[in-house]
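Below is one structure, written out as structure tokens; comments come after it.
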Amino acid sequence: MSNYVDEVIELVIKQNPGEPEFHQAVKEVLNSLRPVIDANEEKFRRDALLERIVNPERQIKFRVPWVDDKGQVQVNSGYRIQFNSSIGPYKGGIRLHPSVNFSIIKFLGFEQVFKNSLTGLPIGGGKGGSDFDPKGKSDREVMAFCQSFMTELCKHIGADTDVPAGDIGTGAREIGYMFGQYKRIRNLYEGVLTGKGLSYGGSLARTEATGYGLLYIVEELLKCKGDSLVGKTAVVSGAGNVAIYAIEKAQQLGAKVVTCSDSTGWVYDPDGIDVAALKEIKEVKRARLTEYKNYRPNSEYHEGRGVWTIKCDIALPCATQNELNLDDAKALVANGTKVVAEGANMPTTLEATEYLQSQGVTFLPGKASNAGGVATSALEMSQNSERLSWSFAEVDAKLKDIMVNLFHNIDNAAKKYGFEGNYVVGANIAGFEKVVDAMTAQGIV
Ligand code: NDP
Ligand code: 2IT
């Protein structure tokens, strides 16, 4: 077996010190690509293929000054990583969260390259964000931040160059303010962002797409095992965009979802989460989950973390990276969980993933199972290019088709290399092969 993978992992650690999330994402991908890399080592080494693929094409960091409601100037850092444009313009969300740094944006950008490849649509990989925290800020403060952020970012993006979208902390409100500022400065009305409002170029079903897509792929997986979601119990973490629409679709497809969580606590509702209440608390009031009990007196609210201790058939982590660790995985296995499918990006630690797989739990990695969001963003780009809007049913049907095809694509890739049922290997190989093909065809760039 070749040492090429180990050498490149060493190089990444050396060249990107203090970036543990980025190291983690690179290790997960490269280790599972060993069968392909071993088979092509001479060519890949000559072309420095792996050294190029782990190096972003461009990374941008900039100052974001803005004035708060007291007249005080605040300064945040803005980031955009343009990771790989071999199969299309850079595409990926903008995360607004105090934890944002190069490590987090690089891990997300790296994952995005392979995820976007798996959608089958012409989108390259990128990611951006800021350590700005929208929580507790007034609308005016959020607007001031978004305008300042876009004043710099607009120099680096464009409908055919790089198309950002939402992620943690960036929803319809933030995208609206950013779009307005881009249009004003660049004097261009173009599809430079996705996740836009419906009145100015957004796509129907984009809001729902990541959560719905997650359930479409789980449904297809179960169907191939002669099973379905009907009567299953699921636990979900998170209470944001991905979690809300994952819960909604799971319940439409016949499962009962009994948990959700936010960064301070979690809810257990034995009768099934009330999605309308959750939407009102999170999307309208922007409040904490402590409110949920006012709507559902039968439910329990707990401080801290704990959703993985609840007995379930299916676990859907939909909050953030590394939120499901080895102890959580052990609790799930002890409770008889059969499927873990990631709605968030890298929510499961490497040790937890390996443990789940070793115990026969079917594991769907985020770059496959949450790809419905970015896939529908690509559909929004198509609609913007032709200056038309498709119906909800049309977009939703395309999304479902994409997720079903994606599942068979990763399933076949895993089988082809002798790793049947290992969807980490399947997703990484299938995503990688297309990117390598495009990079090779385009020469040393
Ligand atoms: P939101 O901001 O809408 O929601 C995030 C949720 O996760 C909130 O409930 C939040 O709680 C919780 N959360 C965030 N950070 C932490 C933390 N450090 N610890 C515990 N809980 C936390 O984001 P999204 O739903 O859009 O994103 C969720 C995940 O899905 C992310 O990993 C994102 O990268 C991924 N993703 C998103 C896509 C999209 O289309 N939006 C597409 C594909 C993946 P609180 O409100 O208290 O902060
Ligand atoms: O992680 C992701 O795929 C997203 N946050 C969505 C990216 C997008 O461009 O829609």
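The values are calculated or read from the model by the stated rules, or taken from the named source; none is laboratory data. Quick caveat, the model's predicted, so the values are computed rather than measured. Every residue, glycine as well, gets a Cβ built from its backbone with ideal geometry; the counts of neighbours run over all protein chains shown. Surface areas here come from the heavy atoms of the whole protein model, side chains and all, with no ligands, DNA or RNA. Shrake-Rupley method; radii C 1.70, N 1.55, O 1.52, S 1.80 Å.
Data table
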read-out: Calculated log₁₀ intensity ratio I(q)/I(0) where the Debye formula runs over C-alpha points of the range 246-302, q = 0.14, 0.18 Å⁻¹; value: -0.33, -0.54
read-out: Pairs from 106/232; 127/434; 135/232; 137/256 whose Cα-Cα separation, in the structure shown, is over 30 Å; value: 106/232; 135/232; 137/256
read-out: Candidate residues 155, 127: accessible-area rank, largest first, probe 1.4 Å; value: 155, 127
read-out: Probe 1.4 Å - accessible area at residue 381, Å² to nearest ten; value: 30
read-out: Shape call, the range 399-445: gyration tensor on alpha carbons, a/c limit 1.5; value: oblate
read-out: Given charges at beta-carbon only (K, R positive; D, E negative), |dipole| of the chain in Debye; value: 820
read-out: Area accessible to solvent at residue 264, 1.4 Å probe radius, in Å²; value: 60
read-out: Beta bridges by DSSP in the chain, antiparallel share as percent, to the nearest 5; value: 55
read-out: Within-15-Å neighbourhood charge of residue 359 [Cβ basis; K, R +1; D, E -1]; value: -3
read-out: Heavy-atom SASA rank of 313, 139 (probe 1.4 Å, accessible area, largest first); value: 139, 313
read-out: Sequence of 269, 167 from largest to smallest accessible area, 1.4 Å probe; value: 167, 269
read-out: Separation between Cα centres of the range 172-205 and the range 3-41, rounded to whole Å; value: 37
read-out: Protein accessible area in the chain, 1.4 Å probe - carbon and sulfur %; value: 50
read-out: Separation in nanometres of the label points that stand 7 Å from Cα toward Cβ, at residue 3 and residue 291; value: 5.8
read-out: Global geometry of the chain, whether rounded, prolate or oblate, following the gyration tensor of its Cα atoms and the 1.5 cut on a/c; value: rounded
read-out: Fraction in percent of alpha-carbon pairs per bin - 10 Å, the range 112-227; value: 12, 39, 32, 12, 5, 1
read-out: Sequence-separation-based contact order of the chain, relative, with Cα cut under 8 Å and 6+ spacing, percent; value: 15
read-out: For the range 215-287 and the range 293-334, distance of Cα centres in Å; value: 12
read-out: Rounded, prolate or oblate (a/c below 1.5 giving rounded, otherwise prolate when a/b exceeds b/c) for the range 19-66 by Cα gyration tensor; value: oblate
read-out: Mean ellipticity per residue at 222 nm, deg cm²/dmol - from DSSP H runs of n ≥ 4 across the chain, formula -39500 (n - 2.57); value: -14500 deg cm²/dmol
read-out: Farthest toward positive dipole pole in the chain [+1 Lys/Arg, -1 Asp/Glu at C-beta], among 374, 406, 194; value: 194
read-out: Heavy-atom surface of the chain, accessible at 1.4 Å and reported per residue (Å²); value: 39
read-out: Size of electric dipole in the range 46-186: Cβ of Lys, Arg +1 and of Asp, Glu -1, about Cα centre, debye, nearest 20; value: 180
